[in-house]
1. Give the calculated FRET efficiency between Ala37 and Ile62 to the nearest 0.05, with a Förster radius of 25 Å applied to their Cβ-Cβ distance.
2. Can you give me the solvent accessible area of Tyr45 with a 1.4 Å probe, rounded to the nearest 10 Å²?
3. Near the amide H of Ser70, under 5 Å away, which other amide H atoms are found, from residues 5 or more places off or on another chain, if H is placed in the peptide plane?
4. Just to confirm a number: summing +1 for Lys and Arg and -1 for Asp and Glu over residues other than Asp75 whose beta-carbon lies under 13 angstrom from that of Asp75, what do you get?
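The values are calculated or read from the model by the stated rules, or taken from the named source; none is laboratory data. These numbers come from a predicted model, not from an experiment. Note: ideal-geometry Cβ built from the backbone for every residue, glycine included; neighbour counts use all protein chains shown. For the accessible areas, the whole protein counts, side chains as well, though only heavy atoms, and no ligand, DNA or RNA atoms are used. Shrake-Rupley method; radii C 1.70, N 1.55, O 1.52, S 1.80 Å.
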Amino acid sequence: MGTPRDKLDRLTRRWRERHDARLGAGDRPRASGGREALARRHFPYREQTPLQYADAHGTDMIGFTYDEESYADPDLDAWVVELGRILAERRAAPPPKAEAKPKAEAKPKAEAKPKAEATPKTEADG
């Protein structure tokens, strides 16, 4: 049946597919003033590129929805749209293969210590 994590992953994938399909339709309604103010506060669109932001925070952004609406500030709008594009592109790409760990070099074996030679017993030793 699957673990709760599997179910969450499946639902998240389905939500993202619907989200991306809506964006493909083109029309984005205007964001409310409160939503735009929140986007201005939250996103460093004047200090960072969308790519830099995605590199720093993209893995934490499971359900990005800011690109569903348009913003009166054209710089913010373009930045948010580009960020959404980058995140969608990364979701569509196959996950990177884990790099094989380099094998540790074999440590040289310690030389065996020579065994002490047995001293012959003498009559005095008994």
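1. About 0.60, to the nearest 0.05.
2. 30 Å²
3. Under 5 Å from the amide H of Ser70 lie the amide H atoms of Arg30, Ala31, each far enough along the sequence or on another chain.
4. In short, -3.
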